[in-house]
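Before any comments, here is the structure.
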C-alpha cells in the first residue's frame, strides 16, 4: 500500500510542475530521446477525477528507459513524434519483461508482473483495437527502397518495422535486376544505418508480431546474416515462447462471440496467430545455420513437442508442421503425423490440398495421410485453382509419392476444362507429370491439337518445355507426329537468333529423340562457337551428355545430315554397373555359361546387360566366343537382354520413356533383337517360373513344338 501511494505521489509531482506542461519524447532517427516541452491547457482540479483514465489512455510507446505520455485531450499536434496506440496499461502488447526502472513507473510491481505475463491471446481477445496499416501506406506512397529511406530521413513518423516491411513489399514488385540495383542504393543510403540502429533499440520493447515481421523483412532484403542487426533480432525473438504457446493452445471456445462481436473474428484471430508461425518458418528456412538460428529452431521444436496434443485447429497444426523444418527429429515428425491422422475428421478440402505442401516442407512422406488427402482432393476437384493442383504435384515430386488415382483425376479434370486454362499453366502441369513419369494421352493429345491448329500460341518460353515433355514421355504417333514436329521446328526456327545455346541444345536433343532432324537448327547448333559455349558453361556435364545423344542420333538414325563426324566431344564418365544376379542365374540354368555375355559395352556409350547369339530364326542358341562382331555374319542374330527398372517406363504402364525408346531404336539399327526384362517382376518369380518366362522371350514361337505357348512381349 505504501508503495502504491509513493508511486502515485511521484507521478503527481512529475505532472504538476511549475509550468503546466506535458512531457513527451521525440524519437529521432539516431534513436536519442530528447525532451520536447508542449504547452496545453490543463486544469489540476480534474487530476484526481481523471487520473486513472488519463494514465491508461496516455501510454503510447516505450523506448529504452522512458515512457511517452500524451494527454487525454487530443486537440494538440506534435510534428515528428513517433507514437503507436496500444491497449491500456493492464494489457500491454509487449510480452517481454520491460527494461525500465520500476521505481519511476506509474504501475506497481505486482501489476507490472501481471502485465508481463499476459499472453498474446489475451491481448487480442480482451482489447482488440484496429490500427492503421502504416506499412501499406508507405509502400503505396513510395516506388523504390530509396524513397522509403528518404521519407524516414525527413521525419521518422512511424516505427522502424513499418519502414522495413514497406521496403520489402516494394522489393517484391521488382524484377531481379532492379532489385539488385535497389539493394545497392539502399546499403549506400546515409539513413539506412540509422534505421538499423533504431530497429535494434526498438527490438527490446517491440511487440512480438512486429518483431517477427521486422526480422522477416531484414532477412528478405538481403542484409547479411552475420550483422549485429540480424543477430540482435534473432536473440530477442528467442525468449518469446509465450506467444507461440498461446498460438498452440488457442481453442475456438476461448474466442467468446460476445467479447468479439462476430463469430468470424475468432477465425481471424486464429489465422493471425498462425501467420506468425508461418513468418517464423519462412525466416528460419531462408537463414543459414548459426548458433542463434539453431537455438531458435530447437526451442521451437521443444515447444511444439510439449504443446502438440493441445492444438485444436488443423490450420494451426499444419503451420506448426511446416515450421519445424526438414531436419527435425524423425520422432517429432511421426508425432505430428499421428496428430494429423487423429484429426482427419476435421480436415476441410483446403486442409487436404495444403497437406501435400506441408509434408513436403517437413520432408516426411506419410502414405496414409497422403492417400486420404488425395481422395478428398479428387472428390472436390471441380473449382480447384490450377495453381493449387500444380503445388500438389510439385509436393508429390519432392516426396516421391506416386498415386495414379490422384494424377489421373487431376489430368482428367484439366482435360475436361482445357479451354478455360492458360497455356502456360497447362504446360507447367505437363512438366510435372513428365517428371513424375505420368503420361495422360488425352491431355497431351489436346495440347498437340492446339499446337497444330493455333501455332501462334507458341513462343520461345513454352516451346522448349513442350518438346521436353513429349520426348521424355515418348508420346507421338505416326499419323500426327510429322505435322506436330514440323510446326514446332518452324517456331524454333523463327526464334533462332533469340534462343540461348542451352535452349537450342535442349530443343534439338528433344527433336532427335523423337527421330526428327530439322537441318537449320542442327547446323546452327554445330557451329564451333556454340559448341565451345556449351562446353564452357557451368552445366558442362549435362550439355556433354545431350551432345552425345545428338551425335548418336545423327550417326545411327536415318537422316540427311552427314557432318556429325566433325563433332569431337569429351568422354563421359563411366556409369556404375548394377549386377543382375537373378537374371544371370536364370540364363546359366537355361542356356549355359558359355552361351551369353554379361555387361557388354557398345559404341555411343550404350550398355546392354546380357548378349546372346542365335541363328536368324531364333530357334537355336550359338556358343558365344570373343570374336569381332563389328560386321556380324548374315546367319547370326544378336539378342540384347536389357534389365529395366520401373522408372524407365511411364507410370503404371509398359510404355517405355524417351531414352529407353531411343536406345531400343538404336540397338535395332545396330542389328540387335531387344528383350526387356522388368527387374521388379523378375525378383518376384520363382526360379522355375523365371526360366519359363525368359525361354519364351528368347526363343521364337517356331522353336516350340506346340503353338499354345503364351508369349509375354513387353515391347
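Laboratory data are not the source of any read-out in this text; all were calculated from the coordinates shown. Quick caveat, the model's predicted, so the values are computed rather than measured. Methodologically, a virtual Cβ is constructed for each residue, glycine included, from the backbone with ideal geometry; neighbour enumeration extends over all protein chains shown.
Can you give the FRET efficiency for residue 423 and residue 589, using 1/(1 + (r/R0)^6), R0 = 41 Å, r = Cβ-Cβ distance, to the nearest 0.05?
The pair residue 423/residue 589 has a calculated efficiency of 0.15.
How do 542, 342, 157 line up, fewest other C-beta atoms within 10 Å first?
With the fewest neighbours first, 542, 342, 157 line up as 342, 542, 157.
Where the centre of each part is set by its Cα atoms, how far does region 518-579 sit from region 645-667, in angstrom?
Going from one Cα centre to the other spans 21 Å.
Apply 1/(1 + (r/R0)^6) to the Cβ-Cβ distance of residue 685 and residue 137, taking R0 = 45 Å, and write down the FRET efficiency to the nearest 0.05.
For R0 = 45 Å, the calculated efficiency reads 0.05.
How do 463, 420, 298 rank when sorted from fewest to most other Cβ atoms within 10 Å of their own Cβ?
420, 298, 463
Can you give the relative contact order of region 458-573 as a percent, counting alpha carbon pairs under 8 Å and 6+ residues apart? Display every interim value, and only then the final one.
Numbers: 87 pairs, mean separation 28.1, N = 116.
Contact order relative to length: 24 percent.
Report the gain in length on full extension from residue 238 to residue 405: 0.36 nm times residue separation, minus Cα-Cα distance, nm rounded to one decimal.
Computed gain between residue 238 and residue 405 is 55.7 nm.
With only alpha-carbon pairs counted, each pair once and no self-pairs, how large is the Kirkwood hydrodynamic radius of region 581-703 in angstroms?
Across region 581-703, the inverse of the average 1/r is 15.1 Å.
Just subtract the alpha-carbon distance of residue 365 and residue 309 from 0.36 nm times their residue separation and send over the number in nm, one decimal. Write down the numbers at each step before the final one.
On the way: separation 56, 0.36 × 56 = 20.16 nm, distance 2.10 nm.
Gain on extension, residue 365 to residue 309, equals 18.1 nm.
If I model a spin label at residue 515 and residue 503 as a point 7 Å from the Cα along the Cα→Cβ vector, what separation in nanometres do I get?
It is 3.0 nm.
So how far apart, in nm, are the two label points at residue 179 and residue 557 if each is 7 Å from Cα heading toward Cβ?
Going by the 7 Å Cα→Cβ label model, 3.9 nm.
What full-extension length gain, to one decimal in nm, is calculated for residue 350 and residue 530 as 0.36 nm per residue of separation minus the Cα-Cα distance?
59.9 nm
Determine by what factor the alpha-carbon radius of gyration of region 134-218 differs from 2.2 N^0.38 Å, reporting the quotient.
1.01
What distance in nm lies between label points placed 7 Å from Cα along the C-beta direction at residue 154 and residue 342?
The two pseudo-label positions are separated by 5.6 nm.
Once the Cβ-Cβ distance between residue 495 and residue 538 is put in as r, and R0 is 30 Å, what FRET efficiency do you end up with, to the nearest 0.05?
Details: r = 23 Å, r/R0 = 0.78.
E between residue 495 and residue 538, to the nearest 0.05, is 0.80.
What ranking of 355, 540, 662, 682 emerges when the number of other C-beta atoms within 10 Å of each C-beta is taken as an exposure proxy, fewest first?
Details: 355 27, 540 12, 662 22, 682 18.
By the 10 Å Cβ count, ascending, the order reads 540, 682, 662, 355.
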